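This report refers to the structure that appears directly beneath it.
The values are calculated or read from the model by the stated rules, or taken from the named source; none is laboratory data. Only a predicted model underlies this, so the values are computations on that prediction, with no experimental measurement involved. Cβ coordinates were reconstructed from backbone atoms using ideal geometry, including for glycine residues, and neighbour counts include every protein chain displayed. Accessible surface is based on the protein model in full, side chains and every heavy atom, while ligands, DNA and RNA are left aside. Shrake-Rupley method; radii C 1.70, N 1.55, O 1.52, S 1.80 Å.
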Amino acid sequence: MTYTNELLDMVKDKYSLESDYKLAQKIGVSRSRLSKWRNELNSMDWDVAFKIADLLGMDDQKVVYGLLEDKYENPRLINALCEGRPA
């Protein structure tokens with residue numbers, strides 16, 4: 001499971017949302033856009049990721065580091081970005 005899907009599921013659980021349609025409404029995106037994230041066809045935009053962080057009361061840095069591997073496929077880039085990553 002991708003970190004993107006984990007975040008989406010956490011929002012669904014926290015707000016007792018019964019469907020991805022309701023989740024899409026909650027985070028302010030179209031159902032098709034959310035579906036593309038679920039199916040790994042596109043990566044979540046940073047503005048939506050930060051909105052989700054706010055909804056979940058999560059630290060922005062944790063969300064950014066969690067999404068790096070979902071957004072970027074270059075292992076060298078991921079390693080460079082994650083150096084000094086907080087535990």
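For the range 14-26, what are the residues that are of a type in the set (Asp, Glu) and either open to solvent by less than 60 Å² (accessible area, probe 1.4 Å) or at pLDDT below 95 (or both)? Reasoning before the result, please.
Narrowing the range 14-26 to residues of a type in the set (Asp, Glu): 18, 20.
Residue satisfying the conditions is 20 alone.
Being surrounded by fewer than 16 Cβ atoms within 10 Å (Cβ to Cβ) and touching a residue at least 24 places away in the same chain (Cβ under 8 Å) is the filter here, so list the residues in the range 44-61 that pass it.
Passing the criteria: 55, 61.
In the range 27-43, which residues are farther than 17 Å from residue 2 by Cα and open to solvent by 80 Å² or more (accessible area, probe 1.4 Å)?
Passing the criteria: only 31.
Please enumerate the residues belonging to the range 1-31 that are β-branched (Val, Ile, Thr), touching an Asp or Glu at 6+ places or on another chain (Cβ under 8 Å) and part of a helix (DSSP H, G or I). Full working, then the answer.
Start the filter on the range 1-31 by keeping residues that are β-branched (Val, Ile, Thr), which leaves 2, 4, 11, 27, 29.
Applying the additional criterion that residues be touching an Asp or Glu at 6+ places or on another chain (Cβ under 8 Å) yields 2, 4.
Passing the criteria: only 4.
If you go through the range 51-81, how many residues are part of a helix (DSSP H, G or I), farther than 11 Å from residue 7 by Cβ and at pLDDT 95 or above?
Counting residues in the range 51-81 that are part of a helix (DSSP H, G or I), farther than 11 Å from residue 7 by Cβ and at pLDDT 95 or above gives 1.
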